[in-house]
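Please read the structure below before turning to the comments.
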Amino acid sequence: MAGHNFSDPPSHHHPDPPPDPLSPSPDRSLDTVLVTSVPKLAFTAESYGLFPLAAKLRACRSDAAVYRRPDGSFGHAPMGCGHRLCPACTKAKTAQLRSRIRCIAPSANLHVTLTCATAPDDSLLRFYIRALQSSLRLLTQRKPRPYSDRWLPFSPGYMWKLEVTPSLNCFHPHIHLITAAPHISHEALTHRWAAALRTNHLHGGHLWITAVNPRLIHEMSKYLAKGLSHIHPSRWASLDSGLFRQRAYGSGGSLTLPPAPRPRINTLVGFLSRWESDPDILDYAMATQAYADLLPDSPTRSALEALWNSHFYRFSRHRLKNTFHRRFSND
Ligand SMILES: [Zn+2]
């Protein structure tokens, strides 16, 4: 019965499910799914008594800032709630991290998944994440004295990312790591990882070493924790507090991540929600239909949509665009 270890505890299984070859590409129409899913999640959070989370999710993309670029042109950006479990905001954050990972990916050779055994207690998530991260530090940094002469397997360069996957009875925090090291012995690394875990009172560490491929880079940057819709709402609070102010990724050596791009310097014109008192904002909203980027059912979007549907604006879009340009462009 080689390959069928039915007696294996869950920690022996790889924390991520194998990719489904028939599933559509992960990014397809994700935006439309997100825009409809956030209000539903807010509703669920409210019915489970998670009022601060519900309030945050409801505020997400309920307004947008209209700004003026240095070249004189206009643009707008929906304002996210910034919550670590909000699917819409996570997507924007991971897109940025992905482009930074792509810069270092060509020099990466190996991908390592590092795990530890976890007890079925959601409140321990924070402890596990902390312990995993300090175990990883023993494998990447020379700083702690007693380990200074030890083998640092990822020393040529590494980039790690924390991920939390849920199972029915516990959360499985684990670390995905890409390294510039050309070859690592599985046996030696298993030994070293187990020793590092023991230092932090963890055990049952397992690891997988594979080659780096583009799909992996995508998976790695995808999320910190699988979306709220995959986890029962009664566990949202423990997931949220477990992830509170935890570092989600890090890098060093030749795989040090390039710095995050600085936000461009734009001049704020106003907010879409102020359309009643600001004719410029109203004209901008009608000429570009910027309100379509807000969450459905948000008061600003509903009001602007109703205005657009009242025939006056629908038939005067062309005129609006012209006046808009005359009023706002530099020339
Ligand atoms: Zn959000």
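The values are calculated or read from the model by the stated rules, or taken from the named source; none is laboratory data. Predicted model only: the values in this text are computed from it and were never measured. No Cβ is skipped: glycine too gets one built from the backbone with ideal geometry, and neighbour counts run over all protein chains shown.
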When (1) modelled with pLDDT of 90 or more; (2) in contact with a Lys or Arg (Cβ under 6 Å, 6 or more places away or on another chain) are applied to L295, the one that fails is (1)
Is there a residue in region 258-279 that is surrounded by 17 or more Cβ atoms within 10 Å (Cβ to Cβ), under 27 Å from K40 (Cα atoms) and within 29 Å of the chain's Cα centre (by Cα)? yes
If you go through T179, T210, the only one that is loosely packed, with under 14 Cβ neighbours inside 10 Å, in contact with a strand residue (DSSP E or B) (Cβ under 6 Å, 6 or more places away or on another chain), within 25 Å of I104 (Cβ to Cβ) and at pLDDT 90 or above is T210
The condition from (1) touching a Cys at 6+ places or on another chain (Cβ under 6 Å); (2) more than 16 Å from the ligand (Cβ to nearest atom) that C86 misses is numbered (2)
Picking from A59, A119, the residue that is within 16 Å of the ligand (Cβ to nearest atom) and modelled with pLDDT under 95 would be A59
Being modelled with pLDDT under 55 and out of contact with any strand residue (DSSP E or B) (no Cβ under 9 Å at 6 or more places or on another chain) narrows S47, S73, S25 down to just S25
Across (1) part of a helix (DSSP H, G or I); (2) at pLDDT 90 or above, F154 clears everything bar (1)
In the set L216, L162, the lone residue that is closer than 27 Å to I104 by Cα and not in a helix (DSSP H, G or I) is L162
Of the conditions (1) surrounded by fewer than 20 Cβ atoms within 10 Å (Cβ to Cβ); (2) touching a residue at least 60 places away in the same chain (Cβ under 8 Å); (3) within 16 Å of the ligand (Cβ to nearest atom), the single one that A54 does not satisfy is (2)
Output for Cβ contacts, cut-off 8 Å, separation at least six or different chains, first residue touching a residue at least 12 places away in the same chain (Cβ under 8 Å) in region 90-109, second more than 16 Å from the ligand (Cβ to nearest atom) and among the aromatic types (F, W, Y), reads L97/Y249
Filtering region 68-78 for residues that are surrounded by fewer than 17 Cβ atoms within 10 Å (Cβ to Cβ) and either aromatic (F, W, Y) or within 16 Å of the ligand (Cβ to nearest atom) (or both) leaves a count of 1
Considering residues that are assigned to a strand (DSSP E or B) and touching an Asp or Glu at 6+ places or on another chain (Cβ under 9 Å), the number found within region 75-113 is 4
